[in-house]
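In what follows, a single structure is set out as structure tokens and then discussed.
The values are calculated or read from the model by the stated rules, or taken from the named source; none is laboratory data. Here the structure is a predicted model, which means the values were calculated and not measured. Glycine gets a Cβ as well: all are built from the backbone with ideal geometry, and neighbour counts include every protein chain shown. Surface accessibility is based on the protein's heavy atoms, side chains included, excluding ligands, DNA and RNA. Shrake-Rupley method; radii C 1.70, N 1.55, O 1.52, S 1.80 Å.
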Number of protein chains: 2
Amino acid sequence: MRDDDIANTMRALGHPVRLEIMRILAKQQGQCCCADVTDSLPLAQSTVSQHIKVLLDAGLIERKPHGTRNRYIIQHDRLAELGTAFGGLLQGLVPAPVHTEAETA
Amino acid sequence: MRDDDIANTMRALGHPVRLEIMRILAKQQGQCCCADVTDSLPLAQSTVSQHIKVLLDAGLIERKPHGTRNRYIIQHDRLAELGTAFGGLLQGLVPAPVHTEAETA
DNA sequence: CCGCAATATCGGTGAATTGCGATAGAACAT
DNA sequence: ATGTTCTATCGCAATTCACCGATATTGCGG
């Protein structure tokens with residue numbers, strides 16, 4: 001994952017409403033449509049749809065048409081990918097690459 | 001960590017330049033001032049200072065005046081905190097809370 | 001005291017984000 | 001076909017972001 005990609009994905013998660021949407025989607029496990037999300041939030045349907053689009057563009061969820069509704073499925077692969085990238089980032093930020101105690105000249 | 005807090009911190013990291021700044025700071029380990037960062041990036045000093053401010057406000061780094069310069073230190077505690085929060089988030093997004101195999105009625 | 005170097009902050013510009021209501025289109029039931 | 005429901009998309013306004021150059025501040029050396 002490139003920095004750009006990490007940054008984009010993190011920014012997609014960098015909004016309380018979108019965090020909440022992810023949780024709502026998780027709770028309903030693939031049986032969740034836009035209206036369900038809207039009902040759970042104090043926001044207009046268009047606004048929710050926008051937030052969903054951001055998550056879609058980041059690859060964090062996937063749209064699956066189902067009759068007149070659309071179901072949204074969390075992409076756990078993608079989340080895991082981000083988790084790994086984030087872990088790698090933390091790793092790279094770690095204080096000191098001390099090799100051996102005896103090596104401290 | 002509240003959602004707001006998680007979102008803010010993630011958004012602070014949600015920019016490639018700021019990721020890079022974090023890496024630069026890590027590499028120089030506390031001996032790094034604003035000019036050093038600016039020299040490593042194709043951006044104006046004021047822009048770099050702005051990005052640093054974002055990281056400061058998110059608590060991801062700390063300023064430590066040192067003569068006419070300012071040194072910036074990565075707050076590993078804060079990073080770890082975010083890591084934990086992010087892990088918890090992933091946990092909460094996990095597909096199914098299956099208790100036992102025998103329980104699958 | 002005077003200039004210099006480092007840096008934060010101000011003012012401005014253009015782009016992106018966040019929110020809304022209104023609208024268009026698809027699928028369905030009647 | 002017609003109306004209903006669900007949802008994406010289109011303006012639109014307000015806000016924030018990203019970037020810049022210019023400026024003010026602060027500490028240091030002469």
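Tabulated data
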read-out: MRE, 222 nm, helices only [DSSP H, n ≥ 4, -39500 (n - 2.57), over chain B, to nearest 500]; value: -18000 deg cm²/dmol
read-out: ³J(HN,Hα) computed for each position of region B:71-80 - Karplus, 6.51 cos²θ - 1.76 cosθ + 1.60, integer Hz, glycine/proline x; value: 9, 10, 10, 5, 9, 5, 4, 5, 4, 4
read-out: Modelled FRET efficiency - R0 25 Å, B:Asp39 with B:Thr68, Cβ distances, 0.05 increments; value: 0.95
read-out: At R0 = 25 Å, FRET efficiency that the Cβ-Cβ distance of B:Thr47 and A:His76 yields, to 0.05; value: 0.10
read-out: Euclidean distance between Cα centres, region B:47-68 to region A:1-33, Å; value: 28
read-out: Residue range of chain A that is longest and free of GluC sites (Glu not before Pro) which are both DSSP loop and sparsely packed (at most 14 other C-beta within 10 Å); value: A:1-100
read-out: Chain B - percent of accessible surface contributed by carbon and sulfur, probe 1.4 Å; value: 48
read-out: Dipole of chain A [Lys/Arg +1, Asp/Glu -1 at C-beta], most positive-end residue of A:Met10, A:Gln50, A:Thr38; value: A:Thr38
read-out: Region B:3-61 - percent relative contact order, Cα under 8 Å, separation 6 or more; value: 40
read-out: Cross-link reach list, lysines versus B:Lys53, counting only Cα pairs under 18 Å and skipping chain neighbours closer than eight places; value: B:Lys64
read-out: Net dipole in debye of the protein assembly as shown [+1 Lys, Arg Cβ; -1 Asp, Glu Cβ; about Cα centre; nearest 20]; value: 560
read-out: For A:Lys53, solvent-accessible area (1.4 Å; no DNA, RNA or ligand), Å²; value: 100
read-out: Number of partner chain Cβ atoms within 10 Å, mean per residue of B:32-44; value: 0
read-out: Interface B:A - total buried accessible surface [probe 1.4 Å, Å², rounded to 100]; value: 2500
read-out: For B:79-91, mean number of other protein chain Cβ atoms within 10 Å; value: 3
read-out: Per residue, in Å², the accessible surface of the protein assembly as shown once ligands and nucleic acids are set aside, probe 1.4 Å; value: 57
read-out: Pseudo-label separations to other copies for B:Asp77 - Cα-to-Cβ vector, 7 Å, nm; value: 4.1
read-out: Of B:Ala26, B:Ala12, B:Ala44, the one that fluctuates the most in a GNM where chain B has Cα springs shorter than 10 Å; value: B:Ala44
read-out: Amide N of region A:1-34 lying under 12 Å from the label point, which is placed 7 angstrom from the Cα of A:Gln91 along Cα→Cβ; value: A:1
read-out: Ascending list, in nanometres, of distances separating the B:Ala35 label from those of the other copies (7 Å, Cα toward Cβ); value: 6.4
read-out: Shortest-first nm distances, A:Arg23 label point to equivalent points in other copies (7 Å, Cα→Cβ); value: 3.3
